[in-house]
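A short write-up of the structure that comes next.
The values are calculated or read from the model by the stated rules, or taken from the named source; none is laboratory data. Values in this document were obtained by computation on a predicted structure and should not be read as measured data. Cβ atoms come from the backbone with ideal geometry, glycine included; neighbour counts cover every protein chain shown. Heavy atoms of the whole protein, side chains included, go into the accessibility calculation; ligands, DNA and RNA do not. Shrake-Rupley method; radii C 1.70, N 1.55, O 1.52, S 1.80 Å.
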Amino acid sequence: QDEEKWDFVLVSDIHEVGSEKEIKRKKFLEELSKKGFTIKKIEDKKLFYGVRAPKHIFQKYQCLLRNSNSRRQNPDVHHDIPVTTRIRIVNFILQNTVTPDLEKLHDLEKKKVFEASFPLHEKEEVRELLKEKWARWRGIFHHQPIEDIRCYFGEKVALYFAWLGWYTRLLGIAAVAGLLVFVSGITIFSSSQVSKEICEANNTIMCPLCDQKCPFWLLSDTCTYAKVTHMIDNAGTVLFAIFMAIWATVFLELWKRKRATVVTNWDLYRWDEEEEELALELINNLQHEPRKYQHSYFRSTIVLLLVLVMITVLIGIAHALVIYRVVATALFTQSDFELLREQANMAAVMTGAVLHYITIVIMTRVNRKVALFLCDLEKPRTFSQRENNFTMKVFTFQFFTHFSSLIYIAFFLGRINGHPGNYVRVAGKWRLEECHPSGCITDLFTQMAIIMVLKQTISNVMEYLIPWVSYKLRKKRQHPSKRSVRLGEEEAAEDPCKRHWRSNYELNKVNVFSLFDEFLEMVIQYSFTTIFVAAFPLAPLLAFCNNLFEIHLDAIKMVRLHRRMVPRKANDIGIWLQVLEAIGILAVIGNGLVIAITSDFIPVQVYKYTYSPCVTQNSTGVDCSTGYVNHSLSVFRIQDFESYTKVPEMLPDFVRHEIKECRYRDYRNADDYSYTVQFWHIFAARLAFLILFEHVALCVKLIAAWYIPDVPQSVKNWFLDRKHSNLRKDLSMMEYSTEV
């Protein structure tokens, strides 16, 4: 049995004898043989080389790192070292073995000398247990077997699933809160005074929404839209935004505690990654000299400038989407379809959101390539440093890809478009979009809903289908048809390794940055659930439902559809924790801005306490927001329209020449269209609210972070006891030796 345990398999095409590729392959395998590796060759449609490391390599590792690495992890029956550690050591040696031509395995794979290298999925107890309990859809509500995941895939994967499970559990609380806010919004669907006034505004004539075929229209035509807006935009949303800021902090603080407990159980709390890497380097090559830490300001400046160029490109794409919506609105309003003409703005927003999703899919690939190129420029010292640099760059690019368009809709839409008679135009022709008279928040809600739903449905389906289909196709290619039964005797005599190695080769390739894609997907989702949650209270609910599937989707991919991942040792989730903390701060700023700028919450409050009948007439029996709609609309004289604005003749129930003025959403004087005192009053109130909200939310975050200790007392006590017993043992040994 021991003889058939292979640590790694290398796969190569069958090259011509004496060809350059064959010579390079031989040289590499000879280097492995010199290090004492056992190599087994099996010829099929490809050449398979099974590789087994000699025992002395693992003895050196245990000698160099005298840690209780196998204290809780099931050691392999034949070696007193866990299988995951064994694979990790062998992988390090394979990746760092240099041929006489100064080529490593990575270079040989690039030159197609080897096609693949991977550790094997074993038919061992742990994998069967994971297949049965975890990597299947019916286990969706079951507890995750983190300890088993660790034994099979290593600490890094186990910590990812521990984090994802913890995040999903706490998302449940945020989802319930978001649902309550949304339901309470539905209950006041028709009772909001502002939407009542919009629905009753039968005589309020609004200015045309475009330059050519758009008619004047009545404010009451948008009754339903106003009700939907006030379902999202209410006082409950403000409380929910503060709640989510606190939730984000509490989630991270509780995760730090959970992580401390988990890694203490694994005896990795004070594990030193650098020491581990140096030990592996020395095991591989005793003459190895460590690469020194270096920092080049010139190189860093170049990388920074290139990152800024890339961010500018991504913001440029967001601008292109804005221009698309402007042009689309203009074209839709001139359409022959009545429904499209009437809902031109909504149609432009929805098609714009779908287009935004498509740019996200395309730019995700581009961002990765650019980030890898920048990492190569930086020349990081170690693999983990390279991974951290790559993570920061890809996340930054992805953040701008996902959020540039949303930032425009939230904070610029309808605020930089001028006013009737003096519109801001794209290329001097098309008017910039306007907000709806009942507010911009519905546009943000629509955009977020479409992107989140598309991202979580299409992306997840593709994430599962692509590996599944490619696995089935590879399998079919390898076994076109079962040959006749007459070959039964030969089949029986087939090397059992051959079938096993081939079936592993047929599985999908694993990315070198293991888990990177999964983490990135979840962190972008976390950004959606926290940053603009004031505009979309259902975001946590959508994320929660998605994650229930995501956990098992990732499990099925890893256990059933992908080759075995090279286990990585880790004692935390790495740089992702800093990314999550940064998102927590962005969430406070983002939600503060949404409530202060996008929402109508502040203008309504200013009106209630300064200009409403409650204040001016001391009326107590009326709703204080009575008259707000009329107060928030300015008057425009028809004679001041720009020359190329063609106001249509047809207007139901109105005579064209009788209309002398129309209304638009802004705070401007009727004579010279300058800003009114109310505009500056509201502007000051928005600013004051923003400063107050952010300071209160950040203070609450700091208090929550202080209140919940990062490390549980039980972990601290465990270390205390261990130090105490070690010191006592040393002292008693000393006393014993002096007595002797």
Roughly speaking, to the nearest percent, how much of the chain's 1.4 Å accessible area is carbon and sulfur?
61 percent
Measuring from the longest principal axis of the C-alpha atoms of the chain, the long axis of helix 383-411 (C-alpha) lies at a number of degrees, nearest 10, equal to 10 degrees
Long-range amide H partners of ALA116 with built H, under 5 Å
VAL11
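What whole-number value in Å² describes the accessible area per residue of the chain for a 1.4 Å probe? Provide the component values of the computation, followed by the final result.
Working: 36340 Å² over 740 residues.
In whole numbers, the chain has 49 Å² accessible per residue.
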Can you tell me how segment 8-120 classifies by the Cα gyration tensor, rounded, prolate or oblate, using a/c under 1.5 as the rounded cut?
prolate
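Work out how much length SER459 to LYS472 would gain on full extension: take 0.36 nm times their residue separation and subtract the Cα-Cα distance, in nm to one decimal. Numbers along the way, then the final one.
Details: separation 13, 0.36 × 13 = 4.68 nm, distance 1.99 nm.
Gain in length upon complete extension: 2.7 nm.
Listed highest first by mean packing, meaning other Cβ atoms within 10 Å per residue, what order do 218-229, 461-472 come in?
Final packing ranking: 218-229, 461-472.
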Using a Debye calculation, one point per C-alpha and no hydration shell, please list log10 I(q)/I(0) for segment 79-156 at q = 0.14, 0.20 Å⁻¹ in order.
-0.64, -0.92
Helix 576-593 sits at what angle to the longest principal axis of the chain, using alpha carbons and giving 0 to 90 degrees rounded to 10?
0 degrees
Taking all pairs of different Cα atoms in the chain, averaging 1/r and flipping that mean, what Kirkwood radius in angstroms comes out?
30.3 Å
Extending each Cα 7 Å along its Cβ direction at LEU377 and SER33, get the distance between those two points in nm, one decimal.
4.5 nm
For segment 138-178: rounded, prolate or oblate by the Cα gyration tensor [a/c cutoff 1.5]
oblate
Please give the helix 441-478 orientation as an angle from the longest Cα principal axis of the chain, in degrees from 0 to 90, rounded to the nearest 10.
30 degrees
What figure, in Å² to the nearest 10, do you get for the accessible area of ILE556 with a 1.4 Å probe and non-protein molecules left out?
10 Å²
Please enumerate, by chain and number, the lysines with C-alpha under 25 Å from the C-alpha of LYS723, excluding those fewer than 8 residues away in the same chain.
LYS256, LYS258, LYS569
Which Cys residues of the chain have no other Cys beta carbon under 4.7 Å away?
CYS63, CYS151, CYS375, CYS497, CYS545, CYS699
